[in-house]
Amino acid sequence: MRPFWLLLFTGWLIIACSALPPLQPGERSAHDLLSQKCQQLFPEGKWQFVHSIEARPPGGQKNLLIGVTIISSRDKSAHCVLMTIEGLVVFDATYDGKLVIKRALTPFDHGGFAAGLIDDIRLIFFVPEGPRLETGQAQNGASVCRYQNPDGRIIDLVIRGDRSWQIRRYSRQLRLTGTVSAFFSKKSPTEKQSVIPARLELKAHGVAGYNLNMNLVEAVELKP
């Protein structure tokens, strides 16, 4: 009987832990201001970003890559190119409502990699799709805007007092599946570049989890 009770307890534990952190609602004026701040976390217009990337796949060795990403907030399109340090293009894909893979060398040709990468890019650079469910304060004092994507996943935008922020993505079962943490340079940025983090840390949680550490090399605003 032990395995049965162990399985039952494990299932209960998963259900018990599958809950969103509660938010303390604020005044109406604070609600409107926070909603505006959450929208401003993401770059407007068309941009090209170059990052040096340290990727740690599940059970694999660290990989060093250069990532070039072109995004447009207007139509939420993206073009992503991954290169080795030597300049060899190992992955090239575009997304404009439909994913098109132009080049994918091993191990970047594995099933699901391209869709997962574009999903991560959309998480990092675009305002969440779907309605905003609520805004408020987390227990640690951080400000939070909570959205629900059309696919049912929950996205929390968490703004801390030190100007850093975090995106927390939950599954439809309310389990935390990914986080993106943003950190900023102490240098005084231009007004448009004030929303662009100097460093991003992306973590996908779970058995097949992976880590991406992205250091900004260049950010250029492009003409529409």
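Tell me the residue from ARG122, ARG199, ARG175, ARG146 that is farther than 25 Å from GLU221 by Cβ, touching a strand residue (DSSP E or B) at 6+ places or on another chain (Cβ under 8 Å) and basic (Lys, Arg), please. Don't jump to the end; show me each part of the working.
Working: ARG122 fails: farther than 25 Å from GLU221 by Cβ; ARG199 fails: farther than 25 Å from GLU221 by Cβ; ARG175 fails: touching a strand residue (DSSP E or B) at 6+ places or on another chain (Cβ under 8 Å).
From the options ARG122, ARG199, ARG175, ARG146, the qualifying one is ARG146.
Close contacts from segment 71-86, counting a first residue that is under 15 Å from ILE124 (Cβ atoms) and of a type in the set (Lys, Arg) and a second that is at pLDDT 95 or above and assigned to a strand (DSSP E or B), with Cβ to Cβ under 9 Å and a gap of 6+ residues or different chains, come to LYS76/TYR95.
Looking at VAL144, is it within 16 Å of the chain's Cα centre (by Cα), of a type outside the set (Ser, Thr, Tyr) and farther than 17 Å from ASN213 by Cα? Answer is yes for this residue.
Go through the residues of segment 81-97 one by one and say whether even a single one is within 18 Å of GLU221 (Cα to Cα) and within 17 Å of the chain's Cα centre (by Cα).
From segment 81-97, those within 18 Å of GLU221 (Cα to Cα) are 81; that's our starting set.
Now drop any that are not within 17 Å of the chain's Cα centre (by Cα), which leaves none.
No, segment 81-97 contains no residue that is within 18 Å of GLU221 (Cα to Cα) and within 17 Å of the chain's Cα centre (by Cα).
Does LEU216 satisfy the condition of being surrounded by 16 or more Cβ atoms within 10 Å (Cβ to Cβ) and within 12 Å of the chain's Cα centre (by Cα)? Here the answer is no, as LEU216 does not meet what is asked.
Looking at (1) surrounded by fewer than 16 Cβ atoms within 10 Å (Cβ to Cβ); (2) under 17 Å from the mean Cα position of the chain (by Cα); (3) more than 26 Å from ASN215 (Cβ to Cβ), which is the one condition that is false for ARG153? Status for ARG153: all satisfied but (1). For THR135, are the conditions met, namely being crowded, with 16+ Cβ neighbours inside 10 Å, at pLDDT 95 or above and either within 24 Å of GLN61 (Cα to Cα) or in contact with a helix residue (DSSP H, G or I) (Cβ under 7 Å, 6 or more places away or on another chain) (or both)? Here the answer is no, as THR135 does not meet what is asked. When ASN140 is tested against (1) crowded, with 17+ Cβ neighbours inside 10 Å; (2) at pLDDT below 95; (3) closer than 22 Å to PRO197 by Cβ; (4) not β-branched (Val, Ile, Thr), only condition (1) is not met.
No other residue among VAL100, VAL127, VAL50, VAL68 is in contact with a Ser or Thr (Cβ under 6 Å, 6 or more places away or on another chain) and either surrounded by fewer than 18 Cβ atoms within 10 Å (Cβ to Cβ) or in contact (Cβ under 8 Å) with a residue 60 or more places away in the chain (or both) apart from VAL100.
The values are calculated or read from the model by the stated rules, or taken from the named source; none is laboratory data. Everything quoted here is computed from the prediction, not taken from an experiment. Don't worry about glycine lacking a Cβ; one is built from the backbone with ideal geometry, like all the others, and counts go over all protein chains shown.
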